[in-house]
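Everything below concerns the one structure shown next.
What follows draws every value from the coordinates through simple rules; no lab data is involved. Everything numeric in this text was worked out from a predicted model, so none of it was measured. Here the Cβ is made from the backbone with ideal geometry for all residues, glycine too, and neighbour counts use every protein chain on show.
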Amino acid sequence: MAEQPTGTVDLGPAGNLAHYGAQEIHHHGKPMSWVSVTVIIIGFVVGGVAMVPHPTWWAFWLGAGIAIVGCIMTLFAHTFSDDWY
């Protein structure tokens, strides 16, 4: 069995580990990014439900269109350039 380290870990004044700097703080994205990703998920759900129990092609293409609108929204929200970490 491997030896386990003993001792304490120094928590900084904010209660975070002391070796993490300000650059390590994670942000959770802009609200517009959350909305656009939610629209993409809704599009996939609509398209997926359209395939059960038999294909309903107009609903499938509606879901595909909703997902594409969500992808366009991510371009305008700069989701993958500003919110990516």
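Structural remarks
- In terms of surrounding Cβ atoms within a 10 Å radius of their Cβ, Thr38, Thr74 rank from fewest to most as Thr38, Thr74.
- Where only alpha carbons of segment 28-82 are counted, the Rg and the Dmax (Å): 12.6, 40
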